[in-house]
Amino acid sequence: MQSKAFLHVDFEQPDELVFNRARLRRAFVKIGQVHMRDARRLVMNRGKSKEGENPSYRTGKLARSIGYYVPRASKRRAGLMVKIAPNQKNGEGNRHINGAFYPAFLFYGVKRGAKRKKGHHRGASGGRGWRIAPRNNYMTEVLERRRSWTRYILSRELRKSLRPQKRKK
């Protein structure tokens, strides 16, 4: 269920430019909110979902568990990233799913009489027929749909967050 989209930018900061980290962090918050909203919309269809479709909405636990998290800067990390996932630890706008983490059941599927083993991949757990067939990975769908918009927002905010330093008089 781990699908990651990366946009990594390294640059040498010239002495005459000042980097506004807060402005870029606000962009990551905005990206997290939009991706969270779109992912929730994909799992809000009522009715029964079939194999390969996005999970359907019954109780709303899955939709409400999707959240985003923009970590604070520390010695090890710059704090310029966003994580969007169901049951996001320390996430904004989410409610935790207690008990078994069923988004994993939706992604991998469950077979009747299956035994969980070390090599538990999609359908490789043995058993007879699907009890719950694997559903679509709605998080990767959102990442693909919003890829160009995300790159545009990040590049625009990175450009705006680099400003010439005020000259001392």
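The numbers here are math on the coordinates, done by the rules we state, and not lab data. For clarity, every value in this text was computed on a predicted model and none was experimentally measured. Reconstructed Cβ throughout: ideal geometry from the backbone, glycine too, with neighbour counts over all protein chains shown.
Can you list residues whose amide H is under 5 Å from V18's amide H, if they're 5+ apart or on another chain and H is modeled 1.01 Å from N?
Here the answer is R163, Q165, since their amide H atoms fall under 5 Å of that of V18.
Counting only Cα atoms, I'd like the Rg/Rh figure for segment 13-108, Kirkwood definition for Rh.
Working: Rg = 16.9 Å, Rh = 15.1 Å.
With Rg and the Kirkwood Rh in hand, the quotient comes to 1.12.
Ranking S65, S155, S148, S161 by Cβ neighbours within 10 Å, fewest first, what do you get? Don't jump to the answer; show the numbers that get you there.
On the way: S65 21, S155 13, S148 9, S161 18.
The most exposed by this proxy come first: S148, S155, S161, S65.
Could you sort out which of K30/K50; K30/K61; K30/K160; K89/K160 sit more than 27 Å apart by Cα distance in this structure?
Details: K30/K50 32 Å; K30/K61 23 Å; K30/K160 15 Å; K89/K160 30 Å.
Where the Cα-Cα span goes over 27 Å, the pairs concerned are K30/K50; K89/K160.
Counting pairs of alpha carbon atoms under 8 Å apart in space and at least six apart in sequence, what relative contact order in percent does segment 40-89 give? Working shown, then result.
Working: 66 pairs, mean separation 14.7, N = 50.
That works out to 29 percent.
Could you pull out every residue, at least 5 positions away or on a different chain, whose amide H is within less than 5 Å of the one on I66? Hs are placed 1.01 Å off N in the peptide plane, and Pro or chain starts have none.
Sorted by chain and number, the residues that satisfy this are N87, R95.
What is the distance, in nm, between label points placed 7 Å from the Cα along the Cα-to-Cβ direction at N90 and at T140?
Computed distance between label sites N90 and T140 equals 2.7 nm.
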